[in-house]
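Below is one structure, written out as structure tokens, with a few remarks after it.
The values are calculated or read from the model by the stated rules, or taken from the named source; none is laboratory data. Bear in mind that the values here come from a model prediction, so they are computed numbers and not experimental data. Ideal geometry is used to build each Cβ from the backbone, glycine not excepted, and the neighbour counts take in all protein chains shown. Quick note on the areas: whole protein, heavy atoms, side chains included, nothing else; ligands and nucleic acids left out. Shrake-Rupley method; radii C 1.70, N 1.55, O 1.52, S 1.80 Å.
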Amino acid sequence: MGDINSFAKEEYVISFGTLFEHSPWVAEVTYTKRPFSSLAQMHELMKEVVEKAEYESKLTLLRHHPDLGSRLTMSEHSVNEQKGAGLDALSVEQRQELAELNMRYTVKFDFPFIIAVKGRSAEDIVQAMKERLEHVRNDEFRTALEEVYLISWYRLESWIEQNMAEETV
């Protein structure tokens, strides 16, 4: 694929603007921090961009994530991630329970429940949601951001597998 440090801004944002759900601004800002010594360092810089962002930008980033198990419009990444966790094959009862938990969570925290679903079952996700409903808002805000970072890392790993094989930055 070539050296990502040589990507034009548009190519860079197209390639990495989807790592953070509907938030290409993270890639746009990170682009100015080139050259990157590795993809891991690039990802750390992306996390740093989010950490330094205003609270409202972080909240908007969290709100861009879809409710788990919903059938609303989602990014291609989210569709594939949720499918991998079996959230596309829930029974009616499971879907109702997840919808109720999503609603309770969103009412309490003012953003959707976010968890990196890779390697987790639907049961694992429901259990995590029940546990995290006991958190206070500030702690849950931090947990949700950490999950966003993990999701973006998994998406970057997928991009690497698809585009770079054995190459590095």
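Some observations on this one:
- Pairs linking a residue in segment 92-104 that is closer than 16 Å to GLU131 by Cα to a residue that is open to solvent by 50 Å² or more (accessible area, probe 1.4 Å) and assigned to a helix (DSSP H, G or I), with Cβ atoms under 9 Å and 6 or more positions apart or on different chains, are LEU101/LYS130.
- Count of segment 1-53 residues which are hydroxyl-bearing (Ser, Thr, Tyr) and without any contact (Cβ under 8 Å) to a residue 60 or more places away in the chain: 6
- Test result for GLU11, of a type outside the set (Val, Ile, Thr) and not in a loop (DSSP other than H, G, I, E, B): yes
- Selection status of ARG120, part of a loop (DSSP other than H, G, I, E, B) and charged (D, E, K, R): yes
- VAL148 under 18 Å from TYR55 (Cβ atoms) and over 18 Å from the mean Cα position of the chain (by Cα): no
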